[in-house]
1. Could I have the simple spin-label model distance between ALA10 and TYR118, label points 7 Å from Cα toward Cβ, reported in nm to one decimal?
2. Quickly rank 163-175, 342-354 as a protection proxy: mean count of other C-beta atoms within 10 Å, highest first.
3. Extension gain THR41-ARG326, at 0.36 nm per residue separation less the Cα-Cα distance, in nm?
4. Using the basic label-point model (7 angstrom from Cα toward the beta carbon), what is the VAL336 to ALA79 distance in nanometres?
5. Assuming R0 = 30 Å, can you tell me the calculated FRET efficiency for the pair LYS192 and HIS54, based on Cβ-Cβ distance, to the nearest 0.05?
6. For a Förster distance of 35 Å, can you work out the FRET efficiency between the beta-carbons of TYR347 and THR62, rounded to the nearest 0.05?
7. For the range 1-109, compute Rh as the Kirkwood radius over C-alpha pairs and then the Stokes-Einstein diffusion coefficient at 10 °C and 1.306 mPa s; write the answer in µm²/s, rounded to an integer.
8. For SER366, project a label point 7 Å along Cα to C-beta. Then give me every residue of the range 75-90 with its amide nitrogen under 16 Å of that point.
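Nothing in this text is a laboratory measurement; each read-out follows from the coordinates by a stated rule. Since we're looking at a predicted model, the values are computed, not measured. Note that each Cβ is placed from the backbone with ideal geometry, even for glycine, and that neighbours are counted across all protein chains shown.
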Amino acid sequence: MSMIYISLEAPYEWVHAEGTRIEAFGEVPGLGDYPISGEETVVGVVPGEWVTSHLVTLPAKTRKQFNAAVPYALEELFAQDIEEVHFVCPKWQADSQITVYSVAKSKLQEWANLAKTYSIPATRIVPDYALLPQHDVAECSLAVSGDRALAQSKDGFGVTMDLDFVNLWLKETPLSAVIAVNNKDFAERLIKDNSERDIRHWSFGDRMAHWLEYSGQADIDLWTDQTRPRSRKSLFVEYWQAAALIGITITVLATSEIHTYLSLHREIKLITQESQELVKRLVPELDYVTEGQERTYAEKILSRQSQGASPSSLPRMLVALTPVLRSENILLKEVVYERSELTISGYISNLGQVDSVVKKLESLPSYTAKLQGTSNEGDTIVATFVVASEQNTMEVE
């Protein structure tokens, strides 16, 4: 089958493949420049940072029961309302561990708007890490691509991350797993730092075209029935069906005044406006951090997370605290997450600001907060606050 894989976000890579045979590939300036002829099946490729994978085991006897229960089983992992998240389960089998993928519905709609605006008939969309090939003797593949790392295991569990977070990913990967790495220098560095692991170099490339030579097509599809773009063939059929219907109607109602207005420009304008509104609502979770320091603070937060802590609690707490830290204009010095407590140290303008911060933190639903102490660093004041979830209050005290 003739397939063309195209990236829906920059850099705009494309690959024309016949099975695992690569016919052509390249990179274009924008979404409107892809060489789509209309004969190929189009697959949209999206950044894996937006698509989270989960390994789920539920006592469901049917796929329908499983699909209904998944959102509530994973609800604690998400900061946003669970109704705003779309879940995909490509393969299901009763009494088994199942890989489930999740993506924000707003992001899914944004991709759908882009596909419609630029006439991209993508029948499926897949996260980039789903294209990684799997070696026969390895349980996981890890690809270095620029300043990003993509990883996927044979059970479908995948992630796209900054290179700085690979060591954190390794902590979540079984010690017995054989890991195949595409970059020789990076593989040697990982072997040196993780001598207890079986890490091997496998040169399977760092671009989409290289991976598809080994892996063929991924069996994931993130589209919903509402967001899936219609193919050009279906649009062609619908056009002539509509034209025939209009012709019959005009013939039958020749004495009536019928005016049909088909305005493609108006439709494009509405789609563009909706897309812009979606972009305006996307606010980074850590946008209160000093510009250029985002990765440093995120690394500190994650690297100091204790093994006994719940990974899902950290992003939920950060999202809840972001508006308070931003409104008080607090510049972070250090963030430590340990034993379900988030300890935040930051620079404040004066001691009078302490009460205001504590009151705002205490007003957050489901969280308790207290001042741990203050100190002086030259002419600046450093305040340290401890925030915990109410369900862990007894443990904290």
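1. 1.1
2. 342-354, 163-175
3. Numbers: separation 285, 0.36 × 285 = 102.60 nm, distance 4.59 nm.
Gain on stretching THR41 to ARG326: 98.0 nm.
4. Reported label-point gap for VAL336 and ALA79 is 2.3 nm.
5. Details: r = 31 Å, r/R0 = 1.05.
The formula returns an efficiency of 0.45 here.
6. On the way: r = 55 Å, r/R0 = 1.58.
Using R0 = 35 Å, I get an efficiency of 0.05.
7. Details: Rh = 16.3 Å.
This corresponds to a translational diffusion coefficient of 98 µm²/s.
8. 75-85
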